[in-house]
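One structure is given here, and the rest of the page talks about it.
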């Protein structure tokens with residue numbers, strides 16, 4: 001579905017990514033792991049055209065997208081849940097959701113308002129509340145719901161559960177499991193390694209703008225030194 005081939009991305013004269021390659025298949029959940037500042041968010045921005053690449057190729061469903069504007073990439077079926085959520089604080093929950101509603105690719109069973117509320121029932125009681133009146137967990141649910149309203153085939157989450165209470169994190173993982181069962185492809189950045197190894201098939205680890213390891217959940221579980229060396233997790 002998504003193929004990233006040896007991309008390099010720079011901020012001015014400073015290079016942030018070096019020959020980064022990764023792939024996400026249809027109905028596959030993949031993670032991008034690494035400590036803060038290692039290039040994970042830059043990789044996401046490069047995929048979505050928010051930070052143009054200076055070398056390499058990115059294709060989505062067989063079509064090159066590395067030179068496309070971000071709104072055109074989104075219309076092709078890639079939804080983003082950005083770090084920091086970035087919901088509209090002066091719009092209600094209902095308005096945040098319907099503002100992005102689209103089914104330009106004629107998905108047979110599209111996500112609509114009802115479907116999103118079924119995934120996140122807590123938002124049903126908050127439809128008339130403004131974005132800045134929500135808790136952090138509710139804002140993250142809203143950010144995910146907003147991304148789903150464009151009916152993507154690939155959902156990208158940058159820091160899926162960062163800063164959330166344990167019960168809210170559990171609800172987010174439950175929702176992502178439902179989306180996986182529905183056949184949605186998902187790329188997740190998060191620090192909750194144990195939860196990620198349950199939901200994801202494959203993992204990529206980044207260090208200083210490079211992909212330094214990739215493998216399955218079972219392979220990652222068998223290599224505890226990787227978590228200690230690259231992720232700051234003692235096992």
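Things to note:
- Test: residue in the stretch 17-33 that is closer than 16 Å to residue 204 by Cα and assigned to a loop (DSSP other than H, G, I, E, B): yes
- Number of positions in the stretch 1-39 that are exposed (fewer than 14 other Cβ atoms within 10 Å of the Cβ) and closer than 26 Å to residue 199 by Cβ: 4
- Cβ pairs under 8 Å, 6+ apart, first in the stretch 14-37 and on the phi > 0 side of the Ramachandran plot, second surrounded by 22 or more Cβ atoms within 10 Å (Cβ to Cβ) and not in a strand (DSSP E or B): 34/40
- Annotation note: of 82, 110, the sole residue that is in contact (Cβ under 8 Å) with a residue 40 or more places away in the chain, within 14 Å of the chain's Cα centre (by Cα) and either closer than 26 Å to residue 32 by Cβ or surrounded by fewer than 22 Cβ atoms within 10 Å (Cβ to Cβ) (or both) is 82.
Residues checked against (1) out of contact with any helix residue (DSSP H, G or I) (no Cβ under 6 Å at 6 or more places or on another chain); (2) at positive phi:
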position	(1), (2)
39	yes, yes
53	no, no
64	yes, no
72	yes, no
84	yes, yes
88	no, no
95	yes, no
100	no, no
105	yes, no
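Residues are listed down the side, and each one gets a yes or a no for (1) under 26 Å from residue 136 (Cβ atoms); (2) within 19 Å of the chain's Cα centre (by Cα):
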site: 167; (1), (2): yes, no
site: 174; (1), (2): yes, yes
site: 196; (1), (2): yes, yes
site: 209; (1), (2): no, yes
site: 214; (1), (2): no, yes
site: 218; (1), (2): no, no
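- Residues in the stretch 40-79 that are buried (at least 20 other Cβ atoms within 10 Å of the Cβ), assigned to a loop (DSSP other than H, G, I, E, B) and under 14 Å from the mean Cα position of the chain (by Cα): 1 in all.
- Subset of the stretch 115-137 (residues that are within 22 Å of the chain's Cα centre (by Cα), part of a helix (DSSP H, G or I) and under 25 Å from residue 181 (Cβ atoms)): 115, 116, 117, 118, 119, 121, 122, 123, 137
- Set 179, 117, 91, 148: member being in contact with a strand residue (DSSP E or B) (Cβ under 9 Å, 6 or more places away or on another chain), surrounded by fewer than 22 Cβ atoms within 10 Å (Cβ to Cβ) and over 30 Å from residue 219 (Cα atoms): 91
Every number in this text was worked out from the coordinates using simple rules, so none of it is lab data. Here the structure is a predicted model, which means the values were calculated and not measured. Backbone-built Cβ (ideal geometry, glycine too); neighbour counts: all protein chains shown.
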